[in-house]
Amino acid sequence: MSLSLTKRGLVLLMRTVGFFIGLVGYVARAFDSPRCPRNSRIAQPTSEPLLLLSGVQLARLIRRRKVKCIDVINTYITRIKEVNPMINAIVKDRFEAAQQEALDVDRRLLEEQEDEATLEKKCPFLGVPLTVKEAFELHGMPNSSGLVNRRNVISQTDAAVVALLKEAGAIPLGVTNCSELCMWYESSNKVYGRTNNPYDVQCIVGGSSGGEGCALAAACSVIGVGSDIGGSIRMPAFFNGIFGHKPTSGVVSNEGQFPMAMGAQEEFQCTGPMCRYAEDLEPMLRVMAGPGLHKLQLDKRFPVQKIKFYWMEHDGGSFLVSRVDQELLQAQKNVVKHLETVLGASVRHVKLSQMKYSYQIWVTVMSARNHDGTESVKFQELLGDHGKPVWPLWELVKWVLGMSTHTIPSIGLGLLESVLKHDPQTYARFEELRQVLRSELVGMLGNDGVFLYPSHPRVAPKHHFPLTRPFNFAYTGIFNALGFPVTQCPLGLNSKGLPLGIQVVAGPFNDHLTLAVAQYLEKSFGGWVCPGKA
């Protein structure tokens, strides 16, 4: 199965245009990011003990009155003030409110004599610092999603998952940067500017939850909230060397974020946890799932050595995406060898031929008509915030003249949307391919298997590079289209000090398997590495 010659030519044309746009970006970077020594491009490391504990550990110490909540919050505030000017991850803080909430926690613990077990059940993240992707509503904080004409929108309530985490005791420190309208894998916009990777500020943090991944990696936060419709949790988690989990579709509420996927696209958008330490993933998911928790099997304990592992080193050769870096391939092989020789698990190499159509499958589901036959909300409408539609071609002219309020990826997506119309025949062809791939994976994984797959073809590239390879997100996007749970796991750093990682995929509602593997890989390969300490 393949694209028609016309569409193949269109895709090649898009890549060519993207390449030249990328060249413009590289020229721009030569002026706004002059080359500097490697050690001056990395966020300052930290040895502060409170910054090096998981959320679970911090909550335990706070509950046991062994550390004051205000000291934890103040330590994180100091860290943010120290490194955020360099990375631009947290775009709006609420430090005073957070300090007051921390004092309230300490007062509650002083005045009330609730036993630890009761406190843990009621508030598993009592006093734990939290950051939230700016696309989510957090009371009193902006909710622009990087759109200039929403820069004055202030949330009057909390998104569903934010409310649940606050009820669980977490204390928000602020909101983090994202790509414009959350539809690109570099976190940069005309409202807050660009976020820089803490392992090398000349590299991207991913998107759209890039500010969140960056803040966590730089020890400016310990747990965070992200959303994912094509890899927007997993790519930032990968590029920043942290953990991120895309839950099974339909488990965690997406309510209270902008833009909100609607109609046929809604089932492919997922809200999930991001964190530095694997042990925080499951308790975060328990909280964030809310009423959807019953759909999962998080109480089921399945020994890691009894899990069946399957792996595939690349997508099989799509001409749309980059080849997988050798160091990423080697990292995956190291995991496979470890699972076979140390864990003694069943590990099998597989070839899923449909994976090379990952991008086409993702585009197909994203362009699907609603159940009533109507078209989904157009990106051009979102750019105008459901007001006056934006004309991408005119915005491109304005961008060339330096007058547009939109980023070039958003303009490009708007142009692409106006060219690629819904084609029932093409949709039917790739929808059938999606169903075949989904059935094959469900049958292969069952309820006791996981699939190891690259997170992205490259480690964190330089700023603007994504414009030259716009389809590389297909490595993550395919699992949104399939609805499977995926945990992104760090695997140390490469020869240039940039994070390595891998995706761990399970069948629907088997999130507990990927979370268990994440904890095992953390113990075996070290997990998060503090920037500047390698």
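List pairs: first residue in region 511-534 and under 24 Å from PHE484 (Cβ atoms), second residue modelled with pLDDT under 95 and of a type outside the set (Ser, Thr, Tyr) anywhere in the structure, Cβ distance under 6 angstrom, at least six positions apart or on different chains.
HIS512/LYS300
Filter region 489-522 down to the residues that are of a type in the set (S, T, N, Q) and out of contact with any Ser or Thr (no Cβ under 6 Å at 6 or more places or on another chain) and list them by number.
Start the filter on region 489-522 by keeping residues that are of a type in the set (S, T, N, Q), which leaves 494-495, 503, 510, 514, 519.
Within region 489-522, ASN494, SER495, ASN510, GLN519 qualify.
Would you please list the contacts, defined by Cβ atoms under 8 Å and residues six or more apart or on different chains, that run from a residue in region 184-200 that is closer than 16 Å to ASN84 by Cα to a residue that is β-branched (Val, Ile, Thr) and open to solvent by 10 Å² or more (accessible area, probe 1.4 Å)?
Every condition considered, the pairs that remain are SER188/THR407; TYR192/VAL91; PRO198/ILE42; TYR199/ILE42; ASP200/ILE42.
Quick test for you: out of GLY317, GLY290, pick the one residue that is open to solvent by 20 Å² or more (accessible area, probe 1.4 Å), under 20 Å from ALA160 (Cα atoms) and of a type outside the set (Lys, Arg).
On the way: GLY317 fails: under 20 Å from ALA160 (Cα atoms).
Result: GLY290 is the single residue among GLY317, GLY290 that is open to solvent by 20 Å² or more (accessible area, probe 1.4 Å), under 20 Å from ALA160 (Cα atoms) and of a type outside the set (Lys, Arg).
Return the only residue of LYS496, LYS533, LYS523 being surrounded by fewer than 22 Cβ atoms within 10 Å (Cβ to Cβ), modelled with pLDDT of 95 or more, assigned to a loop (DSSP other than H, G, I, E, B) and charged (D, E, K, R). Before the answer, list the steps.
Working: LYS533 fails: modelled with pLDDT of 95 or more; LYS523 fails: assigned to a loop (DSSP other than H, G, I, E, B).
One residue alone meets the criteria, LYS496.
Keeping to region 370-404, report how many residues are in contact with a Pro (Cβ under 9 Å, 6 or more places away or on another chain) and open to solvent by 50 Å² or more (accessible area, probe 1.4 Å).
Qualifying residue count, region 370-404: 3.
Filter region 355-369 down to the residues that are polar (S, T, N, Q) and open to solvent by less than 20 Å² (accessible area, probe 1.4 Å), then identify the one that is modelled with the lowest pLDDT. Walk me through how you get there before you give the answer.
Taking region 355-369 as the starting set, the residues that turn out to be polar (S, T, N, Q) are 358, 360, 364, 367.
Now narrow it down to the ones that are open to solvent by less than 20 Å² (accessible area, probe 1.4 Å): 358, 360, 364.
On the way: SER358: 98, GLN360: 95, THR364: 90.
Of everything passing the filter in region 355-369, THR364 is modelled with the lowest pLDDT.
Need pairs with beta-carbon distance below 6 Å; first residue at positive phi and within region 209-220, second basic (Lys, Arg) and part of a helix (DSSP H, G or I); sequence gap 6+ or separate chains.
Close Cβ pairs satisfying both conditions: ALA219/ARG79.
For the structure I just gave you, tell me whether THR341 is under 30 Å from ASN143 (Cα atoms) and among the β-branched types (Val, Ile, Thr). Let's see the steps before the verdict.
On the way: under 30 Å from ASN143 (Cα atoms): no; among the β-branched types (Val, Ile, Thr): yes.
Taking the combined requirement at face value, the residue does not satisfy it.
Determine if region 418-434 includes at least one residue that is assigned to a helix (DSSP H, G or I), open to solvent by less than 60 Å² (accessible area, probe 1.4 Å) and without any contact (Cβ under 8 Å) to a residue 24 or more places away in the chain.
The answer is yes; a qualifying residue exists.
Please enumerate the residues belonging to region 35-74 that are part of a loop (DSSP other than H, G, I, E, B), more than 28 Å from the chain's Cα centre (by Cα) and under 23 Å from GLU282 (Cα atoms).
ARG64
Among (1) touching a residue at least 12 places away in the same chain (Cβ under 8 Å); (2) in a loop (DSSP other than H, G, I, E, B), there is one condition MET403 misses while meeting the rest; what is its number?
Result: MET403 passes all but (1).
When you scan region 157-246 for strands (runs of 3 or more DSSP E) that lie fully inside it, which ones turn up with 3 or more residues that are small (Gly, Ala, Ser) and open to solvent by less than 10 Å² (accessible area, probe 1.4 Å)? Break it down into steps so the answer makes sense when it comes.
Values: elements: 171-176, 223-228, 243-246.
Those strands (runs of 3 or more DSSP E) span 223-228.
The values are calculated or read from the model by the stated rules, or taken from the named source; none is laboratory data. Keep in mind it's a predicted model, so treat the numbers as computed, not measured. Ideal geometry is used to build each Cβ from the backbone, glycine not excepted, and the neighbour counts take in all protein chains shown. With ligands, DNA and RNA removed, areas are computed over all heavy atoms of the protein, side chains included. Shrake-Rupley method; radii C 1.70, N 1.55, O 1.52, S 1.80 Å.
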